[in-house]
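Everything on this sheet refers to the single structure shown next.
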Amino acid sequence: MAYGDFAWKTSRLYMSPATKLFTRGRGYGLDRIPPSGGCVLAINHLEWIDVPLVGSLSPRNLNYVAKVEAHRMPGLGPLIRWHGTLSVRRGESDRDAVRLMRQAVRDGRALGLFVEGTRQRSGVPGEAQPGAAMVAIQEGVPVVPVGVYGTQFWKIGNFAPCSIAVGEPFLLEGLPKGGRGYKEGSHEIERRIRVLFDWLEGVHARGRPRDERPPTGEPGAVPAEPVAP
């Protein structure tokens, strides 16, 4: 199975610098992304710029999941397939997509899933769909929650600052394989992403200091103190 590593290597030479420049992209807690092994990056989705933003800041190549319509678009389709993006039929059961996602993490890949399944026009994270929890539970791999903030304000021409925050990886242990387990897991993923999103909102209000550390997302955890320079 081709995973697009060559495409990622190439894109990091031109696309990543451009994305960071025009979004003023900043990442917090990036070291929490496991350096190897299968995992699911569970990300909230506000605008199309989220895709290159997270990709440019992530220390690992990601195998994104995108709706099948995106794969059929002229220009965009070949580009995302070249980068190892998997396709899914949105709004319906797609066993082939689930099989490919499970195989990716089984092969030690980092799967990038925008958990709501579509952009949130409200400007805040929405309800997490079961895909991320399903893959994590079935394959026993960690979920890495990622909050995205600022892209809801970003437009070509205004270049509003955009940031991501990474929470601690966690396992959905003890949850059953099936609808109930996937629902409970999705609620926990959604909760942790919202913690990170709200934290980023405060960070942006303070001018995005570089020396801050995102909260872990663990229940009852308090936001981390700024790291001493």
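The values are calculated or read from the model by the stated rules, or taken from the named source; none is laboratory data. Computed from a predicted model, the values in this text were never measured in an experiment. No Cβ is skipped: glycine too gets one built from the backbone with ideal geometry, and neighbour counts run over all protein chains shown. Remember, those area values only see protein heavy atoms, side chains included, never the ligands or the DNA or RNA. Shrake-Rupley method; radii C 1.70, N 1.55, O 1.52, S 1.80 Å.
Contact map, the range 1-19: residues that are more than 16 Å from residue 54 (Cα to Cα) and aromatic (Phe, Trp, Tyr) paired with residues that are at pLDDT 95 or above and open to solvent by 30 Å² or more (accessible area, probe 1.4 Å), Cβ distance under 9 Å, separation 6+ or inter-chain. Pairs shown: 3/61; 3/107; 3/109.
Residues are listed down the side, and each one gets a yes or a no for (1) closer than 16 Å to residue 64 by Cα; (2) of a type in the set (D, E, K, R); (3) open to solvent by 20 Å² or more (accessible area, probe 1.4 Å):
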| position | (1), (2), (3) |
| --- | --- |
| 110 | yes, no, no |
| 159 | no, no, yes |
| 165 | no, no, no |
| 170 | no, no, no |
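Quick one: in the range 19-53, of everything that is polar (S, T, N, Q) and crowded, with 22+ Cβ neighbours inside 10 Å, which residue is farthest from the chain's Cα centre (by Cα)? Among them, the one singled out is 23.
Within the range 116-171, count every residue that is on the phi < 0 side of the Ramachandran plot and within 17 Å of the chain's Cα centre (by Cα).
Residues that pass the stated criteria total 38.
The condition of being part of a loop (DSSP other than H, G, I, E, B), β-branched (Val, Ile, Thr) and in contact with a strand residue (DSSP E or B) (Cβ under 7 Å, 6 or more places away or on another chain) does not hold for residue 146.
Scan the range 177-189 for residues that are open to solvent by less than 60 Å² (accessible area, probe 1.4 Å) and either closer than 16 Å to residue 43 by Cα or modelled with pLDDT of 95 or more (or both) and the total you get is 6. State the number of residues belonging to the range 127-157 that are within 13 Å of residue 200 (Cβ to Cβ) and open to solvent by less than 30 Å² (accessible area, probe 1.4 Å). So the answer is 7.
Exactly one residue out of 201, 188, 173 is outside any helix (DSSP H, G or I) and either out of contact with any Asp or Glu (no Cβ under 6 Å at 6 or more places or on another chain) or farther than 23 Å from residue 56 by Cβ (or both): that is 173.
Pairs linking a residue in the range 204-221 that is farther than 30 Å from residue 171 by Cβ and part of a helix (DSSP H, G or I) to a residue that is small (Gly, Ala, Ser) and modelled with pLDDT of 95 or more, with Cβ atoms under 7 Å and 6 or more positions apart or on different chains, are 204/150; 204/163.
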